[in-house]
Structure formats: structure tokens, C-alpha cells
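Okay, so here's the structure we're looking at.
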Amino acid sequence: MEELHKHVLEQFRLDAAAVSCDRYGCGHINETYLVVTESGRRYILQKISNRAFPDVAGLQENIAAVTAHLRRQNDDPNSSLNLIFTKAGESWYHQGENSDWRVYDFVENSICLQAPECPEDFYQSAIAFGTFQQQLSDFPAETLHETIRNFHNTPDRYRLFRQALEEDVVGRASGVQSEIDFALSHEEIGGQLMRMLRNGELPLRVTHNDTKLNNVMLHRETRTPLCVIDLDTTMPGLSAYDFGDSIRFGAATAAEDEKDLQKVTMSLDLFRIFTRGFLRACPGLTDKERQVLPLGALTMTLECGLRFLTDYLAGDHYFGIHYPDQNLDRCRTQFKLVQDMEEKMDQMHAIVQEEFVKKA
């Protein structure tokens, strides 16, 4: 074990001395390690990315408050992430510049899937994120810090897009005019959810903002949800964000960077599966929130495509790429999904209503 890790772990209230500390998982933002103590108990140690989350104090305050709220609603210790506090009573340890650390209990008897192995896995992710939303429905969302400012503020994403388009620092704008035109033609609908929030038509909620299957821990044997993980982006938002991002990622029929756009559609069957689970697990949605779930899927997909296009125009600084035009390919798949959703919007609304009636 490295001396740094040994020193950091000694600051936390572990049940015994740590005997091993090894890299763990597939995360790309924080450094994650699996820790085992002399008793055999396991923990997760993470070095928090100051680049992604410069306000570590606000970030940890959010996580401590949200996890405490979740634990009060379920006696199962695996139903929520459990922070291990430092001996000084803090939820993280500041070891030095760009060196902030936290520890969680390891979620035992769990598996984490990178992609659904069957439709039931997608359904169970809907149960997990719907339950997360429901259990936090009485949490004062406005008290949370915004860990990434304007993360799902689509109008602000358009501001950044226009800035990148005007600057055109790598001279790519002339080659992507059709994508630029598509983005600009959808600016009005892209801002609809934010306008509804400002007008008081939609309530502010605690949202996870990264609702992919690999952020759900499933029981190893039953494959039912234990808890939602990766709470760094948990902050104030709209229920349609979490629903929509799950559909964007989980109901697509092709990879995010698929070059053959004929393969890129949104599966109505998968849309129905997720909608069924989400509505059953989250009965507290208002009528208006339920009605805008399909718009949430379209908005999150449009916003993601816009972010890929913005990064492509700016020279690929935000999203990691493995080949030169990957962000452009990613943009095109998202915009193709938007087109497909527009064509299927009436069917999506009908599915939401049908599943709501079945639930009732």
C-alpha cells in the first residue's frame, strides 16, 4: 500500500487498520480504490476530482445530506451509499492541494453492469432511479449546492454553443453546417423545460443527473436494485432530466458514436419498460411532470448532442476522444435520436399515459 493511501485512510473512522488498497472500477472522473481492513471489512476510497468539482465542500455537503435523508427511509444499510467520516468529524479529508479524499462503505452482495444484459436490467434501473426520486421528493432541493453550474440549463448550453461557433478556433464550422442548422432549429423546444420551471409549472427536485445503469448497484442474486451510486452530480433539477437521460442512453438502439445513422433509433419497447418502472417507483410526480417526461427525453438528447457539437467546434477539450471526429459522430447520433423521438412523440405520450393508468 502506498504511503499516501495509508496516511489518508488513517484519518477515517475505519473499523480496523487497512491492509490493502487497490484501484477499482471503471470510473473516469475520480480515482477509486477498494480497501480491505484487518477484519476483512471492505470500503471504497475515492480521490475527488478537483478539476470536475472545484467546490469539494459543497459537493460533500450535498452527498452527506442526501445519503442521510435516504437512510432515514430504509433500514437496509445497502439501500444508500454510506459515507465514513474522518476522525475529525468531516465527510472528506483534505490532504493538500488537489488532494481531497472520501470513504464509503463497500456495497456488499452487489454487481454493477455497464450495459443491460436483458430488458429486465433496464426496468430495474428505472425502479432504482424512480425510488431515488420518490424518496427525495420531500427534500428541500433548493438547499443543495450546484456542483456543476448550469449543468442541464439547455439555454445556457446554447450560449456556449454560439460562443464556440463564433470563435471557431479550429476552423470546423464550415464542414458541419447541417448539424449547426439542426441545433439552431431546435433552440426553442430545447428551452421549454427551463421556461416551465421559471414559470412555476414544474417543481424543483433533487436529481441525480447521470442516470445510467452503471450508477445502480444491483443485488448479485436477485438483480433488484440496492442503491444508486455516483452522487457527485446530485443537485437541484427536474424529474424530466433523470428520466430523459436514462432514455437517451438506455433506449437507443446503437452506440453513442455509431457512424451508420440508419442503426440509430429510440426503441419504443425500451421506452415503455423504463417508463413502467419509473412511474411505479415514483408515484409522487405531478400531472405536469408526468406529461413532460417525453419532452425530457428529447431535451436531454438534444442537449447532449449540442454539447458534443460545441466540444467539436472548440477542439475536443471536454469529452475524451479516441479518433479525430468522434465528437462529431456522437453529435450526429444524438441528433438522429432527436429526430426519431420527434416522429414518435405521440406514441411516447400514449405510453406514459397507458403505464400511468396501469399503475393506478
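Taking the conditions (1) over 13 Å from residue 303 (Cα atoms); (2) at pLDDT 95 or above in turn, residue 182 satisfies each one other than (1).
Please verify whether segment 66-83 includes one or more residues that are part of a strand (DSSP E or B) and without any contact (Cβ under 8 Å) to a residue 12 or more places away in the chain. Checked segment 66-83: no residue is part of a strand (DSSP E or B) and without any contact (Cβ under 8 Å) to a residue 12 or more places away in the chain.
Cβ-Cβ distances below 9 Å connect the following pairs, each with a first residue in segment 278-300 that is touching a residue at least 40 places away in the same chain (Cβ under 8 Å), a second residue that is polar (S, T, N, Q) and not in a helix (DSSP H, G or I), and a separation of six or more residues or different chains: 282/137; 284/137; 285/137. If you go through segment 56-65 and keep only what is touching a strand residue (DSSP E or B) at 6+ places or on another chain (Cβ under 8 Å) and in contact (Cβ under 8 Å) with a residue 40 or more places away in the chain, you end up with 56, 59, 60, 62, 63.
The set of residues in segment 81-98 being surrounded by 13 or more Cβ atoms within 10 Å (Cβ to Cβ) and in contact with a Phe, Trp or Tyr (Cβ under 9 Å, 6 or more places away or on another chain) consists of 81, 82, 83, 84, 85, 86, 91, 92, 93, 94, 95. The set of residues from segment 251-272 being within 19 Å of the chain's Cα centre (by Cα) and over 20 Å from residue 306 (Cβ atoms) comprises 270, 271. Might you check whether a residue that is over 27 Å from residue 130 (Cα atoms), touching a Ser or Thr at 6+ places or on another chain (Cβ under 9 Å) and assigned by TED's automatic domain parsing to the domain that holds residue 11 occurs anywhere in segment 68-90? Yes, because at least one residue in segment 68-90 is over 27 Å from residue 130 (Cα atoms), touching a Ser or Thr at 6+ places or on another chain (Cβ under 9 Å) and assigned by TED's automatic domain parsing to the domain that holds residue 11.
Among all positions in segment 176-195, there is at least one residue which is of a type in the set (A, V, I, L, M, F, W, C), over 30 Å from residue 219 (Cβ atoms), free of Cβ contacts under 8 Å to residues at least 60 places away in the same chain and not assigned by TED's automatic domain parsing to the domain that holds residue 56. Mind counting the residues in segment 69-105 that are within 20 Å of the chain's Cα centre (by Cα) and aliphatic (A, V, I, L, M)? The qualifying residues number 3. Every condition in (1) more than 17 Å from residue 233 (Cα to Cα); (2) among the aliphatic types (A, V, I, L, M); (3) at pLDDT below 95 is met by residue 29 except one, and the failing one is (1). When every residue of segment 242-250 is checked against the conditions, at least one turns out to be of a type in the set (A, V, I, L, M, F, W, C) and modelled with pLDDT under 95. Of the residues 120, 146, 179, 108, only one is acidic (Asp, Glu), surrounded by 12 or more Cβ atoms within 10 Å (Cβ to Cβ) and under 17 Å from the mean Cα position of the chain (by Cα); which? Checking each option against the conditions leaves just 146. Scanning segment 238-273 for residues that are over 21 Å from residue 190 (Cα atoms), assigned to a helix (DSSP H, G or I) and in contact (Cβ under 8 Å) with a residue 12 or more places away in the chain yields a count of 6.
The values are calculated or read from the model by the stated rules, or taken from the named source; none is laboratory data. As the structure is a computational prediction, the values presented were derived from the model and not from experiment. Virtual Cβ from ideal backbone geometry, glycine too; neighbours counted across all protein chains shown.
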